[in-house]
Amino acid sequence: MNPLLPRLSRRQFLYGAMASGIWLSLPSGLRADTMGNRITENVPAILTGHTFDLIVSETEVNFSGVSRLATTINGSIPAPTLVWREGDTVTIRVTNKLGVTTSIHWHGIILPFQMDGVPGISFDGIAPGKTFTYQFKVQQSGTYWYHSHSGFQEMTGMYGAIIILPKSGDGINAERDHVVLLSDWTDDDPMAVFARLKHQSDYYNFNQPTVADFFHDARVLGMSAAISKRQMWNEMRMNPTDLADLSASALTFLMNGRTAAGNWFGVVKKGERVRLRFINGSSNTFFDVRVPGLKMVVVQADGQNVEPVTCEEFRFGPGETYDVIVRTDEDAHTIFAQTMDRTGFVRGTLGTTPEVQPPVPDMDSPQWLSMTDMMGTMGASAGTHGGHDEMHGKMAMDHSAHRMGASQHTGHDSLAAPSQLVRHARTEYGATVDMRVDTPRTNLDDPGIGLRNNGRRVLTLDDLRTIGGPMDERMPAREVELHLTGNMERYSWSFDGVEFGQSTPVHFRHGERVRVILQNDTMMTHPMHLHGLWSELENDKGDFLARRHTIPIQPAQRISFQVTADALGRWAWHCHLLFHMDAGMFREVVVS
């Protein structure tokens with residue numbers, strides 16, 4: 001049993017169990033004529049059909065013993081689950097009862113850009129007191145979600161699930177079906193939280209290196225190596241535990257709108273095949289998810305069917321979705337989602353009755369970033385040989401051939417596989433960038449910091465294979481290379497060292513096949529979301545892996561994907577960590 005749970009007072013437990021008290025009047029399940037009575041108890045209102053009315057307003061909530069105003073859709077957190085059918089045309093009327101402009105973005109949905117819901121890019125937003133009508137044909141199936149794209153409204157509760165039923169079945173057989181929407185909540189004003197990060201980027205990091213850590217290193221590595229290690233981090237003015245901007249000191253983690261103490265419950269029968277539709281609807285949190293004691297068979301990634309792959313754990317960031325199948329073998333099982341920085345968790349229960357309480361595992365120990373996380377392949381070498389001076393020199397290294405803006409490479413002979421030649425933009429050499437990686441790693445079989453060699457079978461990007469292969473068999477006509485950049489002390493985030501507002505759009509020609517290379521020159525993992533177009537992930541040899549709408553890119557990692565620019569218009573492209581997006585890691589894409 002997790003030692004955190006017994007320390008909850010009865011008052012705290014009741015607050016968690018109520019989980020803001022706004023679910024008591026909601027329908028408890030989905031009607032039999034919509035999905036064979038498979039999505040069941042303890043979910044938000046489920047809306048089906050072709051026409052939907054959504055009202056954005058403020059609702060009082062209480063997740064921690066403190067009452068706060070949340071931004072809600074139809075009065076609930078999460079917002080109602082919308083059930084659509086592939087091939088239908090849906091009409092969604094969104095009425096704004098807030099005092100400020102709002103919007104809804106349909107995350108991962110292929111639609112006309114005017115319906116994408118990004119103020120300043122696809123439309124003006126929905127003014128107070130006004131109603132905006134979204135209307136589009138549903139061209140896909142699977143698990144998706146929707147959320148505000150205005151200010152910090154997503155962080156204050158404005159998000160919900162979308163289930164799109166396939167025209168003729170998706171071949172995924174399950175006797176029970178549950179949405180598991182993970183999110184995070186802060187009692188503080190998000191603007192005040194953002195201001196603290198701008199003033200001190202590690203304000204919420206309570207896993208800082210300690211004297212005890214130094215003496216542990218001295219015992220394991222030797223005194224000289226321990227001193228060298230600490231000196232290196234100090235000289236680089238970087239923190240090896242800087243895995244997340246916000247920790248449990250600022251956030252409460254939710255599963256379908258309930259805290260760990262509230263313990264979301266999904267009814268199952270022993271021996272059933274259960275489909276769990278996991279959605280990371282958080283603003284700033286990577287979750288590591290498992291159902292202790294059970295294997296998970298991943299059958300969808302970002303709404304797209306994949307060849308089934310069995311794992312015991314997976315990590316996903318804001319914006320990503322995974323559908324998994326589990327077969328229950330007890331009366332109750334815990335769904336356990338711990339944060340990447342290991343400061344908090346949320347849990348729920350799959351069971352035959354709410355009275356059965358399965359054990360909750362302890363959180364894993366927090367891990368430090370490695371040299372590989374810092375510098376890629378050079379870091380792996382330096383970490384092995386203790387090459388502090390060499391590594392620090394590589395980090396500050398200059399280049400004679402800088403590129404200006406997004407790098408463009410053409411020529412079919414050179415495009416069979418993604419380029420491995422690192423080209424830093426001239427704009428990376430300035431105050432907005434505190435780190436550049438010259439020897440990035442290109443492997444996709446790394447589960448990431450904290451999950452390596454943990455004794456469990458952990459899903460990686462390299463495991464995924466979208467059924468049916470790529471949408472477009474053409475070889476890309478060109479490459480576009482962009483670097484994810486930042487300055488932790490300034491809390492500045494950008495593409496190629498240029499924050500949104502100073503950047504120019506990335507242009508795709510309508511109908512072209514283009515390869516995009518993204519290189520992460522920062523210490524943090526970024527879930528990158530390209531609106532309106534599928535991102536077809538490939539390996540470093542150019543082999544197609546999986547169709548995604550959101551791709552997590554680890555520190556010092558260089559990845560590539562191919563895009564068919566088949567959707568005219570203006571689209572957003574950004575990190576889905578909300579504060580990173582707001583701090584500048586946002587770019588406009590124009591398809592013309």
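The values are calculated or read from the model by the stated rules, or taken from the named source; none is laboratory data. The model shown is predicted, which means the values in this text are computed figures rather than measured ones. Because the Cβ atoms are built from the backbone with ideal geometry, glycine has one as well, and the counts that use them run over all protein chains shown.
Being modelled with pLDDT of 95 or more, over 23 Å from the mean Cα position of the chain (by Cα), of a type outside the set (K, R) and not assigned by TED's automatic domain parsing to the domain that holds W493 is the requirement here; does P112 meet it? First the steps, then the outcome.
Details: modelled with pLDDT of 95 or more: yes; over 23 Å from the mean Cα position of the chain (by Cα): yes; of a type outside the set (K, R): yes; not assigned by TED's automatic domain parsing to the domain that holds W493: yes.
Taking the combined requirement at face value, the residue satisfies it.
Contact list please: Cβ distance under 6 Å, first residue in segment 81-97 and aromatic (F, W, Y), second residue surrounded by 15 or more Cβ atoms within 10 Å (Cβ to Cβ), pairs at least six apart or on different chains.
W84/V90; W84/V138; W84/I164
What's the number of the only condition in (1) in a loop (DSSP other than H, G, I, E, B); (2) of a type in the set (A, V, I, L, M, F, W, C); (3) more than 24 Å from D323 (Cα to Cα) that M155 fails to meet?
The single condition M155 does not satisfy is (3).
When you go through S150, S67 one by one, which is the residue that is closer than 29 Å to A261 by Cα and without any contact (Cβ under 8 Å) to a residue 60 or more places away in the chain? Please lay out each step first, then the result.
Details: S150 fails: closer than 29 Å to A261 by Cα.
After applying the criteria, what remains is S67.
Would you check which residues across segment 548-583 are touching a residue at least 60 places away in the same chain (Cβ under 8 Å), farther than 19 Å from W145 by Cα and either in a strand (DSSP E or B) or not assigned by TED's automatic domain parsing to the domain that holds R465 (or both) and list them?
Once the filter is applied, which keeps residues that are touching a residue at least 60 places away in the same chain (Cβ under 8 Å), farther than 19 Å from W145 by Cα and either in a strand (DSSP E or B) or not assigned by TED's automatic domain parsing to the domain that holds R465 (or both), segment 548-583 yields I553, Q557, R558, I559, S560, Q562, T564, G569, R570.
State which residue is modelled with the lowest pLDDT when the search covers only segment 39-77 and only residues that are of a type in the set (S, T, Y) and in contact with a helix residue (DSSP H, G or I) (Cβ under 7 Å, 6 or more places away or on another chain). Give the steps one after another, and end with the answer.
Residues of segment 39-77 of a type in the set (S, T, Y): 40, 48, 51, 57, 59, 64, 67, 71-72, 76.
After this cut, where a residue has to be in contact with a helix residue (DSSP H, G or I) (Cβ under 7 Å, 6 or more places away or on another chain) as well, the list is 48, 64.
On the way: T48: 97, S64: 92.
The selected residue is S64.
Could you please find all residues in segment 65-94 being of a type in the set (S, T, N, Q) and buried (at least 17 other Cβ atoms within 10 Å of the Cβ)? Even if it seems obvious, please write down each step before you answer.
The initial filter retains those residues of segment 65-94 that are of a type in the set (S, T, N, Q), namely 67, 71-72, 74, 76, 81, 89, 91.
Selection gives T71, T72, N74, S76, T81.
I'd like the full set of residues that are in contact with a Gly (Cβ under 6 Å, 6 or more places away or on another chain) and surrounded by fewer than 24 Cβ atoms within 10 Å (Cβ to Cβ), limited to segment 555-582.
Taking segment 555-582 and keeping what is in contact with a Gly (Cβ under 6 Å, 6 or more places away or on another chain), we get 556, 567, 571, 576.
Result: A567, single match.
Step by step: first the residues of segment 301-358, then only those that are in contact (Cβ under 8 Å) with a residue 60 or more places away in the chain and among the small types (G, A, S), then the one that is nearest to G169 (Cα to Cα). Which residue is that?
Across segment 301-358, the extreme among qualifying residues is G303.
Residues in segment 135-159 that are in contact with a Phe, Trp or Tyr (Cβ under 6 Å, 6 or more places away or on another chain) and either farther than 20 Å from V100 by Cα or β-branched (V, I, T) (or both): how many?
Residues of segment 135-159 that are in contact with a Phe, Trp or Tyr (Cβ under 6 Å, 6 or more places away or on another chain), as a first pass: 138, 146-147.
From what's left, either farther than 20 Å from V100 by Cα or β-branched (V, I, T) (or both): 138.
Counting residues in segment 135-159 that are in contact with a Phe, Trp or Tyr (Cβ under 6 Å, 6 or more places away or on another chain) and either farther than 20 Å from V100 by Cα or β-branched (V, I, T) (or both) gives 1.
Within segment 524-535, is even one residue among the small types (G, A, S), closer than 29 Å to M374 by Cα and without any contact (Cβ under 8 Å) to a residue 60 or more places away in the chain? Even if it seems obvious, please write down each step before you answer.
We begin by selecting, within segment 524-535, every residue among the small types (G, A, S); these are 532, 535.
If we keep only those that are closer than 29 Å to M374 by Cα too, we end up with 535.
Adding the requirement that they be without any contact (Cβ under 8 Å) to a residue 60 or more places away in the chain leaves 535.
Looking for residues that are among the small types (G, A, S), closer than 29 Å to M374 by Cα and without any contact (Cβ under 8 Å) to a residue 60 or more places away in the chain, one finds at least one in segment 524-535, hence yes.
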